[in-house]
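The values are calculated or read from the model by the stated rules, or taken from the named source; none is laboratory data. Keep in mind the model is a prediction, meaning the values are calculated, not measured. Backbone-built Cβ (ideal geometry, glycine too); neighbour counts: all protein chains shown. Remember, those area values only see protein heavy atoms, side chains included, never the ligands or the DNA or RNA. Shrake-Rupley method; radii C 1.70, N 1.55, O 1.52, S 1.80 Å.
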Amino acid sequence: MNERQILAIPGPTPVDPRVLRVLSKPTLSHRDPDFIDLFGETLRNFKKIFLCKSGQAVVVAGSGTLAMEMAVVNFLEEGDRLLVINTGYFGDRFVEIFSRHGVEIDQMNVPVGRIPSKDQVREALEKEDYKLVTVQHVDTSIGVANDIKGIGEVANEFDTLVVVDGVCSISGCEFRQDDWKIDVCFTGSQKALAVPPGLGIVMINEDAIQALNERKTLTSNYYCDLSRWLPIMQAYEEGEAAYFATPPVNMIYSLHESVRQILDEGLEKRIRRHSIISRAVKEAVYALSLDCLPASNEIAANTVTAPYYPPKVDGKRFHKTVRREGVVLAGGVLKDLRDKYFRIGHMGNMGSSEILAIVGAIEKGLSACGYEFQRGLGLTAAGEVLTEL
Ligand SMILES: *Cc1c(COP(=O)(O)O)cnc(C)c1O
């Protein structure tokens with residue numbers, strides 16, 4: 001096992017040694033005053049990360065997919081009509097989740113690499129009365145970022161809840177839950193938050209809490225029932241323990257440490273860092289004459305880059321070479337394009353040295369696959385952008 005491997009995939013991402021180390025501290029009772037303080041502080045800190053002053057964070061054991069399910073099932077009642085803004089793989093996942101709940105699902109599909117405009121979303125919301133609309137902030141499968149601010153503004157003109165999948169964006173891309181009027185947003189621990197996999201985080205605003213209170217039937221999924229979780233999280237924030245299901249104590253130490261590091265760095269500075277390293281990777285990829293899936297750079301995400309392989313480059317061989325260089329990249333996931341592109345995750349704990357190592361490994365991989373280009377062009381392009389850090 002190579003302990004110095006750079007995980008340049010869209011999650012899990014490299015974890016700071018201090019964030020790992022706290023995992024091995026003694027497991028406390030979930031009622032221990034020290035744990036109550038630590039968990040309470042972590043929950044309060046999420047208001048600063050989602051920029052959602054009045055909201056309530058819920059942290060549970062599970063992956064991003066559990067957070068996804070939790071973020072929507074609480075608002076569903078039989079016969080409801082929903083809109084899925086579907087830009088890729090995880091849009092399909094929302095459709096699958098919804099399809100188990102006896103609701104009417106409409107999808108807004110766009111060609112691969114594109115995002116819907118604000119007007120397209122407004123048109124859809126004018127045509128039908130939707131209880132809820134879902135959208136990925138960053139579509140991890142393609143590397144596009146949706147216009148969340150625009151969608152929030154439009155949905156606010158209607159009586160529609162907006163649920164944003166921020167799994168691949170929170171703390172890596174600008175996101176302002178209050179200002180953009182997003183009712184529910186969620187993420188997972190292993191992406192830009194840079195904690196090992198294992199936690200789902202859901203942030204819900206006051207309107208969404210009110211919608212929950214107006215529910216007439218029980219939420220169909222017991223563990224996902226936010227009406228059970230909210231009082232627990234509120235209690236921890238107020239310095240008291242409460243129990244619904246045992247919190248993953250050691251993982252929460254880890255989350256606490258990483259969240260502290262994020263706020264120490266400063267959210268704005270962190271997002272600026274992500275935008276610079278993203279540009280460095282993208283400039284490198286363009287310098288090597290590779291095309292990316294997003295239709296334009298303006299809609300490309302800060303946290304992941306998705307280039308097509310050049311003609312004749314064999315993906316398997318490419319990834320094998322890159323891995324030998326100590327870098328792990330991700331393959332494609334879109335149904336029809338799976339073998340035609342790869343993905344570079346660049347979120348969380350990444351700086352110049354990681355980005356240069358990643359670009360160097362990509363050059364080596366392409367070269368090993370017989371692709372002809374001037375070695376070093378990618379490194380030079382990346383290096384130039386990285387001087388802005
Ligand atoms: C990774 C990811 C998920 C799923 O998270 P898991 O932790 O793998 O369950 C959902 N949405 C987006 C946008 C993601 O990037």
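If you check every pair at least six apart or on different chains, which have Cβ atoms under 9 Å apart with a residue in segment 167-179 that is closer than 16 Å to V202 by Cα first and a residue that is of a type in the set (K, R) and buried (at least 24 other Cβ atoms within 10 Å of the Cβ) second?
Final answer for the pair search is V167/K191; C168/K191; S169/K191; I170/K191; S171/K191.
How many of the residues in segment 107-139 are in contact with a strand residue (DSSP E or B) (Cβ under 8 Å, 6 or more places away or on another chain), free of Cβ contacts under 8 Å to residues at least 40 places away in the same chain and assigned to a helix (DSSP H, G or I)?
Final tally of qualifying residues: 2.
Tell me, yes or no, whether segment 154-165 has at least one residue that is within 13 Å of the ligand (Cβ to nearest atom), crowded, with 19+ Cβ neighbours inside 10 Å and in a loop (DSSP other than H, G, I, E, B).
Within segment 154-165, the subset within 13 Å of the ligand (Cβ to nearest atom) is 163-165.
Then drop every residue that is not crowded, with 19+ Cβ neighbours inside 10 Å, which leaves 163-165.
Still in the running and in a loop (DSSP other than H, G, I, E, B): none.
The answer is no, given that none of the residues of segment 154-165 is within 13 Å of the ligand (Cβ to nearest atom), crowded, with 19+ Cβ neighbours inside 10 Å and in a loop (DSSP other than H, G, I, E, B).
Are any residues in segment 222-237 touching a residue at least 60 places away in the same chain (Cβ under 8 Å) and farther than 16 Å from G200 by Cα, and if so, which ones?
Matches in segment 222-237: S227, Q234, Y236, E237.
Look through V73, V60, V112 and report the one residue that is in the same structural domain as I252 (by TED's automatic domain parsing) and open to solvent by 60 Å² or more (accessible area, probe 1.4 Å).
V112
Checking the structure you have, find out if any residue of segment 22-38 is within 30 Å of A301 (Cα to Cα) and either without any contact (Cβ under 8 Å) to a residue 60 or more places away in the chain or not hydrophobic (A, V, I, L, M, F, W, C) (or both). Before you say what the answer is, go through the steps one by one.
First, the residues of segment 22-38 that are within 30 Å of A301 (Cα to Cα): none.
No - not one qualifying residue is present in segment 22-38.
Please go through segment 183-205 and pick out each residue that is more than 15 Å from the ligand (Cβ to nearest atom) and part of a loop (DSSP other than H, G, I, E, B).
Result: D183, N205.
Is it the case, given these coordinates, that A208 is more than 16 Å from the ligand (Cβ to nearest atom), not assigned by TED's automatic domain parsing to the domain that holds S29 and not acidic (D, E)? Talk me through it step by step, then tell me what you get.
Working: more than 16 Å from the ligand (Cβ to nearest atom): yes; not assigned by TED's automatic domain parsing to the domain that holds S29: no; not acidic (D, E): yes.
Considered against the rule, which asks whether it is more than 16 Å from the ligand (Cβ to nearest atom), not assigned by TED's automatic domain parsing to the domain that holds S29 and not acidic (D, E), A208 comes out as no.
Taking the stated definitions as given, is R228 surrounded by 13 or more Cβ atoms within 10 Å (Cβ to Cβ), of a type outside the set (V, I, T), in a helix (DSSP H, G or I) and touching a Phe, Trp or Tyr at 6+ places or on another chain (Cβ under 6 Å)?
yes
Run down L51, L20, L43 and say which single residue is surrounded by fewer than 20 Cβ atoms within 10 Å (Cβ to Cβ) and in a helix (DSSP H, G or I).
None of the other options fit; the residue is L20.
Kindly indicate which of I344, I355, I299 is in contact with a strand residue (DSSP E or B) (Cβ under 7 Å, 6 or more places away or on another chain), touching a residue at least 60 places away in the same chain (Cβ under 8 Å) and crowded, with 22+ Cβ neighbours inside 10 Å.
Step by step, each of I344, I355, I299 is checked, and only I344 is in contact with a strand residue (DSSP E or B) (Cβ under 7 Å, 6 or more places away or on another chain), touching a residue at least 60 places away in the same chain (Cβ under 8 Å) and crowded, with 22+ Cβ neighbours inside 10 Å.
Identify, by number, the condition in (1) assigned to a helix (DSSP H, G or I); (2) open to solvent by less than 50 Å² (accessible area, probe 1.4 Å) that K364 doesn't meet.
In the conditions (1) assigned to a helix (DSSP H, G or I); (2) open to solvent by less than 50 Å² (accessible area, probe 1.4 Å), K364 misses (2) alone.
Can you tell which of I142, I151, I85 is under 26 Å from Q190 (Cβ atoms), part of a strand (DSSP E or B), open to solvent by less than 10 Å² (accessible area, probe 1.4 Å) and within 16 Å of the ligand (Cβ to nearest atom)?
One residue alone meets the criteria, I85.
For the list (1) within 30 Å of G351 (Cα to Cα); (2) within 16 Å of the ligand (Cβ to nearest atom), I need the number of the one condition that N250 fails.
The number of the failed condition is (2).
Please find, within segment 211-221, the residue that is surrounded by the fewest Cβ atoms within 10 Å (Cβ to Cβ) out of those that are assigned to a loop (DSSP other than H, G, I, E, B) and more than 16 Å from the ligand (Cβ to nearest atom).
K216
Could you run through segment 185-239 and say how many residues are within 20 Å of F50 (Cβ to Cβ) and hydroxyl-bearing (S, T, Y)?
Qualifying residue count for the region: 3.
Are there any pairs, at least 6 apart or on different chains, whose C-beta atoms fall under 8 Å, with the first in segment 90-106 and within 16 Å of the ligand (Cβ to nearest atom) and open to solvent by 60 Å² or more (accessible area, probe 1.4 Å) and the second at pLDDT 95 or above and not acidic (D, E), and if so, which?
Cβ pairs passing all conditions: R93/T65; R93/M68.
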